[in-house]
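See below for the structure under consideration.
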Amino acid sequence: MLELTHTTKTHDESRQGEALDMVPTGQSTGRKLYIESYGCQMNFSDSEIVASILIEKGFETTKDYKEADVVFINTCSIRENAEQRVRNRLKEFESAKAKNPGMVVGVLGCMAERLKAKFLEEEKLVDVVVGPDAYRDLPNLIDQADEGGRAVNVLLSREETYADISPVRLNSNGISAFISIMRGCDNMCSFCVVPFTRGRERSRDVESIVKEAQDLYNAGYKEVTLLGQNVDSYKYTPKSEEGEAEKSTINFAQLLALVAEVSPDLRIRFSTSHPKDITDEVLYTMARYENICNYIHLPVQSGNSRVLELMNRTYDREWYINRIEAIRRIIPECGISTDVITGFCTETEEEHQETLSMMEYVKYDYAYMFAYSERPGTLAAKRYEDDIPEEVKKRRLTEVVDLQRAHSLYRIENFVGKVQKVLIEGTSKRSDKDFCGRNDQNTMVVFPVDERFKIGDYVNVLGESCTSATLIGRIID
Ligand code: SAH
Ligand code: SF4
Ligand code: F3S
């Protein structure tokens with residue numbers, strides 16, 4: 001699991017507690033904002049929008065919550081432990097607030113949306129509760145809190161995409177950035193809280209996405225990751241001017257091509273693909289553009305068709321295998337990662353074995369693996385009993401994790417002895433004598449610093465050895 005904010009690994013809702021960096025401001029009022037994000041990349045991306053809205057109002061950001069006037073925590077509800085982490089963190093803010101009673105503490109994001117005003121009853125320290133579609137209202141809500149009130153806005157929207165807000169790139173390496181292309185989710189996977197916390201799916205307008213990619217490229221960025229819960233269902237019809245012919249709808253494959261055309265030097269990644277919606281057109285577009293990375297995050301969740309049906313994933317084992325075959329056929333070198341849930345309601349030992357055999361079949365480059373956690377209000381919570389004992393869920397999870405480790409190693413070993421094109425993202429966490437970056441397939445590569453190259457350059461790296469997580473090599477001319 002990754003801890004870097006600038007990473008381009010696909011969604012990682014385990015990331016926790018990253019504070020935003022100091023940024024230059026316009027007309028500062030001297031008030032300080034501290035914001036910490038949990039959950040998936042969408043949340044990290046939203047925090048950049050929140051910071052942008054408040055910097056516009058004269059705030060400066062700080063990395064130290066103790067000196068902040070406004071402390072925000074952007075939260076995740078995906079599993080129970082994600083929420084527990086947030087509650088623990090709120091406890092740590094208590095003493096800072098005791099010392100500075102004027103401090104405004106706000107809960108943003110998915111947990112705010114899920115718990116709404118109840119949050120104010122449960123957590124006495126919290127002054128404002130704001131859902132993911134209400135961030136434009138933040139200056140107003142902070143004003144209410146400053147006047148001694150407590151404020152809530154958890155209205156979900158069918159239109160809000162924050163398209164016109166240019167996110168401040170915080171904690172950035174200046175090389176990789178996220179671009180949200182859509183919000184919400186219209187799928188109703190029975191285990192999942194996201195449709196309830198993020199609302200209906202809506203796509204952001206295509207011009208603003210391409211412009212954001214172009215602006216990032218002009219500012220020296222070399223990699224953008226397009227974000228959505230289900231990017232394959234992106235769909236946007238540009239509005240036609242009066243008297244103009246009706247414009248045709250842009251789908252995800254077309255959007256990918258438009259972003260790829262910004263520059264052959266700008267790498268494009270995206271997340272998350274849904275097995276039911278990923279089309280051959282998307283795969284052919286990936287194959288056509290060298291700068292669209294050969295990497296797909298395609299969450300399987302389970303390898304068994306009965307469990308997939310209970311999960312309401314709307315595909316079965318055969319369909320998923322068919323999509324993997326299409327990827328291997330159209331993009332032979334493609335890296336593939338996945339998400340797996342163990343111990344979903346009524347999952348038998350044989351059905352769990354089918355998840356393992358699916359993993360054996362695909363040999364994923366990487367996987368995010370979770371024990372099922374029942375979420376209040378979801379279809380599964382209403383319909384099925386959470387009947388797999390915790391120790392069974394955990395044991396199955398261990399089996400999945402162990403198998404994945406072997407597969408990650410198998411995939412990385414395949415890069416040893418071969419030359420990889422790597423975008424230098426920074427110096428390695430372990431040593432500033434090493435650079436790190438990713439190859440096309442999203443594998444982390446570490447290699448000695450070479451004075452001739454700098455962060456943001458593409459280099460050819462010969463893989464020389466590896467662990468199950470990292471390829472180690474050296475730059476070759
Ligand atoms: N939109 C993405 C997933 C977003 S949530 C998709 O459709 O694939 C990220 C991952 O968290 C999911 O893929 C799933 O594996 C996991 N997850 C979601 N709800 C969960 C729950 N209730 N218990 C355990 N894992 C869960
Ligand atoms: Fe959740 Fe399913 Fe939507 Fe992904 S596609 S966010 S798992 S409901
Ligand atoms: Fe993301 Fe967690 Fe919300 S995974 S969409 S922050 S529930």
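The values are calculated or read from the model by the stated rules, or taken from the named source; none is laboratory data. Predicted model only: the values in this text are computed from it and were never measured. Note: ideal-geometry Cβ built from the backbone for every residue, glycine included; neighbour counts use all protein chains shown. Accessible surface is based on the protein model in full, side chains and every heavy atom, while ligands, DNA and RNA are left aside. Shrake-Rupley method; radii C 1.70, N 1.55, O 1.52, S 1.80 Å.
Can you name the residue in the range 157-190 that is on the phi > 0 side of the Ramachandran plot and either polar (S, T, N, Q) or open to solvent by 10 Å² or more (accessible area, probe 1.4 Å) (or both) and, of all such residues, is nearest to ligand 1 (Cβ to nearest atom)? Give the derivation first.
Of the range 157-190, the ones on the phi > 0 side of the Ramachandran plot are 162, 171, 174, 184.
Within this subset, residues satisfying the condition of being either polar (S, T, N, Q) or open to solvent by 10 Å² or more (accessible area, probe 1.4 Å) (or both) are 171, 174.
Numbers: Asn171: 22, Gly174: 28 Å.
Looking at residues that are on the phi > 0 side of the Ramachandran plot and either polar (S, T, N, Q) or open to solvent by 10 Å² or more (accessible area, probe 1.4 Å) (or both), I get Asn171.
Return the residue satisfying two criteria in turn: it lies in the range 16-40 and is under 17 Å from the mean Cα position of the chain (by Cα) and on the phi > 0 side of the Ramachandran plot, and of such residues it is modelled with the highest pLDDT.
Only one residue tops the list, namely Gly39.
Being open to solvent by 10 Å² or more (accessible area, probe 1.4 Å) and either within 16 Å of ligand 2 (Cβ to nearest atom) or hydroxyl-bearing (Ser, Thr, Tyr) (or both) is the filter here, so list the residues in the range 296-306 that pass it.
Correct list: Gln301, Ser305.
Just to be sure I understand the filter: pairs with C-beta atoms under 9 Å, separated by 6 or more residues or on different chains, first member in the range 362-388 and among the β-branched types (Val, Ile, Thr), second member open to solvent by less than 20 Å² (accessible area, probe 1.4 Å) and away from ligand 2 (no atom under 16 Å from the Cβ). Which pairs pass?
Val362/Ile324; Val362/Ile336; Val362/His407; Ile388/Gly343; Ile388/Glu347; Ile388/Arg396
Determine whether the range 138-156 contains at least one residue that is in a loop (DSSP other than H, G, I, E, B), open to solvent by less than 20 Å² (accessible area, probe 1.4 Å) and either in contact with a Lys or Arg (Cβ under 9 Å, 6 or more places away or on another chain) or within 16 Å of ligand 2 (Cβ to nearest atom) (or both). Give the steps one after another, and end with the answer.
Within the range 138-156, the subset in a loop (DSSP other than H, G, I, E, B) is 147-150, 154-156.
Now drop any that are not open to solvent by less than 20 Å² (accessible area, probe 1.4 Å), which leaves none.
Checked against the condition, which is being in a loop (DSSP other than H, G, I, E, B), open to solvent by less than 20 Å² (accessible area, probe 1.4 Å) and either in contact with a Lys or Arg (Cβ under 9 Å, 6 or more places away or on another chain) or within 16 Å of ligand 2 (Cβ to nearest atom) (or both), the range 138-156 yields no hits at all.
Return the residue satisfying two criteria in turn: it lies in the range 164-221 and is more than 24 Å from Lys63 (Cβ to Cβ) and of a type in the set (Lys, Arg), and of such residues it is farthest from ligand 2 (Cβ to nearest atom).
Lys211
What do you reckon, is Gly335 touching a helix residue (DSSP H, G or I) at 6+ places or on another chain (Cβ under 7 Å) and not basic (Lys, Arg)?
Values: touching a helix residue (DSSP H, G or I) at 6+ places or on another chain (Cβ under 7 Å): no; not basic (Lys, Arg): yes.
Answer is no for this residue.
Determine which member of the set Thr338, Thr314, Thr342, Thr346 is within 13 Å of ligand 1 (Cβ to nearest atom), surrounded by fewer than 17 Cβ atoms within 10 Å (Cβ to Cβ) and of a type in the set (Val, Ile, Thr).
Within the list Thr338, Thr314, Thr342, Thr346, the selection yields Thr314.
Can you spot a residue in the range 88-105 that is under 25 Å from the mean Cα position of the chain (by Cα), more than 20 Å from Asn153 (Cα to Cα) and not assigned by TED's automatic domain parsing to the domain that holds Leu227? Write out each step before concluding.
Applying the first criterion (under 25 Å from the mean Cα position of the chain (by Cα)) to the range 88-105 yields 88-90, 105.
Right, trim to more than 20 Å from Asn153 (Cα to Cα) and you get 88-89.
Now narrow it down to the ones that are not assigned by TED's automatic domain parsing to the domain that holds Leu227: 88-89.
The answer is yes, given that some residue of the range 88-105 is under 25 Å from the mean Cα position of the chain (by Cα), more than 20 Å from Asn153 (Cα to Cα) and not assigned by TED's automatic domain parsing to the domain that holds Leu227.
Part of a helix (DSSP H, G or I), at pLDDT below 95 and surrounded by fewer than 24 Cβ atoms within 10 Å (Cβ to Cβ): does that describe Lys97?
yes
May I ask you to list pairs of residues, at least six apart or on different chains, whose Cβ atoms are under 6 Å apart, with the first in the range 71-84 being under 20 Å from Asp133 (Cα atoms) and modelled with pLDDT under 95 and the second being within 16 Å of ligand 2 (Cβ to nearest atom) and open to solvent by 10 Å² or more (accessible area, probe 1.4 Å)?
The qualifying pairs do not exist here.
Among residues belonging to the range 49-63 that are touching a residue at least 40 places away in the same chain (Cβ under 8 Å) and more than 11 Å from Leu170 (Cβ to Cβ), point out the one that is surrounded by the most Cβ atoms within 10 Å (Cβ to Cβ).
Only one residue tops the list, namely Leu54.
Quick check, is Leu379 touching a helix residue (DSSP H, G or I) at 6+ places or on another chain (Cβ under 9 Å) and open to solvent by less than 40 Å² (accessible area, probe 1.4 Å)? Steps first, answer last, please.
Details: touching a helix residue (DSSP H, G or I) at 6+ places or on another chain (Cβ under 9 Å): no; open to solvent by less than 40 Å² (accessible area, probe 1.4 Å): yes.
Judged against the criteria, Leu379 is not a match.
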